[in-house]
């Protein structure tokens, strides 16, 4: 039926419908129509969010393929919805809106899937965030195909995001979401469009989002929290390499310094305090010893628990993004973000037991990153987001540093050998046996 409908289209209509798609991509869409026409169940399976566990009875999550099928059928009006089939017109138009459109149009398409009226309730907004996190997790899963996903890993983060949005607006529409998302989940639309591209276009898909894959399980972040953070920056996608963890390396600023310095890529610092809050910062620039601020506008501060908060860099003139000083006498010794050298917006002192947080500064958007002005760190992790080259650079840095230290410890004993006083004063034990041996040999000779 789908193919026969495409046959009823004129060449001009078909060319207009093809629009943003290549020949191979449009062929893939037509194959999708034929597949769904022959077996609707195949469509439902293709667009399923996967087997889920964790006690979820949510129809949208458990039957997303069916929800999407009905949404596709509405793309060209309701005329074919009752006939229970899709045509190339439905699929091509829906795919164009979801895959080859602006971020605003993609977001609008996502909202319309959950509610055609384009106004969501808080539970429907929760579904939207859950859908996106499940889609994100599907993009780079290390689990074998068919492994059920535990929805409980994503529910708390979705709840936090809903609560954060409701501080912004009580009306949930594409326009209010479009105003909030750029500062809280700027890459959320790429999660949806990339997932749809893979499902609709198969091997011809072009994706712009890949979920992070962690080198080790995190003792702090849930999977949902990691995925939410990955929607902030392209650098937070793909692999996260654990550089430091207080649970194994010890909660020590010296150990933190060792694991930070020499890494040439961006890093994510995540910590918990004694009150159970989870927060941190993303550093877009390698760490270095300095008495001045450094870093770039890609940095941001965040909190994931007990509520979600994102504080991106401001667009103003202030550029006090990162601070790292362990040798200063006049300036505070520690690690910080924002503020001034005398009072950072977020500051970890060199003992990690008198850390501070402020509500606002000129370099980052306002908000309480930590729940209190002063806090003690319970756990701390640092993740490297720069890939293998950055890890290799750190390996070389450590080798070079060790070599310099080794050289500094060695004393060129030859410089003392020609001076009797220095030889006796500093190297008497070294040269005594040798000198005695020489005298003995001379006497015997």
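No value in this document is a laboratory result; all are computed from the given coordinates. Given the structure is predicted, the values throughout are model-derived calculations rather than measurements. FYI the Cβ positions are ideal-geometry reconstructions off the backbone, even for glycines, and counts take in every protein chain you see.
Once both axes come from the Cα atoms, what is the angle between helix 188-201 and the longest principal axis of the chain, in degrees from 0 to 90, rounded to 10? Once rounded, one gets 60 degrees.
Taking Cα atoms only, the orientation of helix 155-168 departs from the longest principal axis of the chain by about 80 degrees.
Between the beta carbons of residue 170 and residue 315, assuming R0 = 30 Å, the FRET efficiency works out to 0.65 to the nearest 0.05. Distance between the 7 Å Cα→Cβ label points at residue 274 and residue 179: 4.1 nm.
Its relative contact order, with pairs defined as Cα atoms under 8 Å and 6+ residues apart, puts segment 103-227 at 36 percent. Residues 395, 126, ranked from the fewest to the most other C-beta atoms within 10 Å, line up as 395, 126. The residues 329, 270, 151, when put in order of fewest to most other Cβ atoms within 10 Å, stand as 329, 151, 270.
A Förster radius of 41 Å, combined with the Cβ-Cβ distance separating residue 392 from residue 105, puts the computed FRET efficiency at roughly 0.50. A simple packing score, the average count of other Cβ atoms within 10 Å per residue, orders the peptides 355-365, 109-119 as 355-365, 109-119, with the highest score first.
Remark: 138, 163, 241 ranked as 163, 138, 241, counting other beta-carbon atoms within 10 Å and listing the fewest first.
Computed from Cα atoms, the angle from the helix 64-74 axis to the main principal axis of the chain rounds to 50 degrees.
With the simple spin-label model, which puts each label point 7 Å out from Cα in the Cβ direction, the residue 34 to residue 340 separation comes to 7.1 nm.
Estimated from the Cβ-Cβ distance and a Förster radius of 35 angstrom, the FRET efficiency linking residue 291 and residue 213 is about 0.40. Counted over all Cα-Cα pairs of the chain, pairs farther apart than 35 Å make up 44 percent. Roughly speaking, what is the centre-to-centre gap between segment 116-186 and segment 287-350 when only Cα atoms are used, to the nearest Å? Centre-to-centre distance over Cα atoms comes out at 29 Å. Note on residue 354 and residue 258: their simple-model spin labels are 2.5 nm apart, each label 7 Å out from Cα toward Cβ. Per residue, the average separation of C-alpha pairs within less than 8 Å and at least 6 apart gives the chain a relative contact order of 12 percent.
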